[in-house]
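These notes are about the structure you will find just below.
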């Protein structure tokens with residue numbers, strides 16, 4: 001798609017129109033490779049991304065590497081105990097300096113053994129004798145912002161980004177009443193979905209609209225009359241009380257899993273924290289292309305609940321798998337529908353889809369800024 005056409009596509013959604021009169025973004029936002037290329041730079045290259053758990057980087061020299069929409073990164077625990085993050089790209093020929101995770105005293109590229117200290121400075125460049133105008137500082141690893149929030153480590157490629165702790169201070173206060181730091185990591189699982197990443201986020205943020213129709217066992221656990229959505233600057237919160245009514249769709253009491261109620265927190269653009277009962281799970285939606293993504297689920301349980309709490313968490317993991325399979329069917333079907341010549345764009349249900357509209361407004365603003 002030519003730049004002029006891409007600009008037209010982005011500007012077809014107006015973030016200033018109130019939800020009651022707004023049209024959703026066009027289906028091409030979910031199917032166009034050029035728009036996805038813009039998102040890689042404008043969204044994932046300029047937003048806070050959850051990439052690790054704090055305990056994975058617990059000792060000096062610990063490192064963890066990965067790749068975010070084609071941008072390799074590495075996080076290290078420096079000798080001074082602080083976290084540092086860099087573009088994981090050797091300044092010699094661009095090879096990834098390290099891969100995987102572990103503990104190292106320095107970062108050494110396996111190609112030609114250029115090495116970097118844990119503070120990112122070039123330490124050694126073998127066999128470059130005779131090179132002229134060589135500035136070691138200039139050849140250091142390129143830094144990335146890194147912060148911790150709760151149990152998680154976030155990175156941001158945009159060095160001018162607002163601090164994450166500032167953006168999420170209100171959410172941290174809301175979650176503090178749920179003892180959200182008193183949980184232990186249990187396990188992780190991944191799901192690959194044949195749909196655009198935004199379809200997964202949209203589905204999560206539709207204010208429970210689809211739950212009674214697509215998630216019968218989840219609907220049996222939640223008081224849908226109590227379901228509500230609140231939107232804030234760069235996050236939103238959905239919440240609902242546990243159902244008190246007996247329901248033949250589940251063989252257990254809803255309060256046994258949901259406890260005092262469920263809280264579903266979304267952090268722009270692609271990270272979710274779900275709190276319910278004695279469990280927390282997080283969902284990270286990672287684009288793999290314009291029509292394919294991966295969702296990483298991490299599960300935690302309240303350690304004070306003991307062995308019974310861990311068994312309860314295993315039951316919740318099984319329930320989450322049921323819900324996720326149902327969501328995959330939704331998102332993959334939506335992806336096919338967005339590719340249909342008969343579909344252009346839809347309308348919002350104003351009383352439930354506030355979170356989805358909020359997401360689209362934040363996304364549109366970021367895309368518009370990138371296009372100038």
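The values are calculated or read from the model by the stated rules, or taken from the named source; none is laboratory data. Being a predicted model, the structure only gives us computed values, none of them experimental. All Cβ positions, glycine included, derive from the backbone under ideal geometry; neighbour counts span all protein chains shown.
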Flag if residue 332 is touching a helix residue (DSSP H, G or I) at 6+ places or on another chain (Cβ under 8 Å), within 29 Å of residue 228 (Cβ to Cβ) and in the same structural domain as residue 181 (by TED's automatic domain parsing): no
Count - residues of region 92-137 that are part of a strand (DSSP E or B) and touching a residue at least 24 places away in the same chain (Cβ under 8 Å): 6
Single match in 257, 228, 244 (criterion: more than 24 Å from residue 47 (Cα to Cα) and either at pLDDT 95 or above or not assigned by TED's automatic domain parsing to the domain that holds residue 324 (or both)): 228
Residues (under 8 Å from the mean Cα position of the chain (by Cα) and either under 17 Å from residue 335 (Cβ atoms) or outside the structural domain of residue 232 (by TED's automatic domain parsing) (or both)) located in region 265-290: 270, 285, 286
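Which one of 152, 197 is surrounded by 19 or more Cβ atoms within 10 Å (Cβ to Cβ) and not assigned by TED's automatic domain parsing to the domain that holds residue 277?
152
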Residue within region 21-40 that is part of a loop (DSSP other than H, G, I, E, B) and within 21 Å of residue 165 (Cβ to Cβ) present: no
Residue match in region 347-361 (condition: in contact with a strand residue (DSSP E or B) (Cβ under 9 Å, 6 or more places away or on another chain), in a strand (DSSP E or B) and in the same structural domain as residue 178 (by TED's automatic domain parsing)): yes
Members of region 269-314 found to be under 14 Å from residue 259 (Cα atoms) and touching a helix residue (DSSP H, G or I) at 6+ places or on another chain (Cβ under 6 Å), listed by number: 276, 277, 278, 279, 301, 302
Candidates 65, 47, filtered to the one that is under 18 Å from the mean Cα position of the chain (by Cα) and not in a loop (DSSP other than H, G, I, E, B): 65
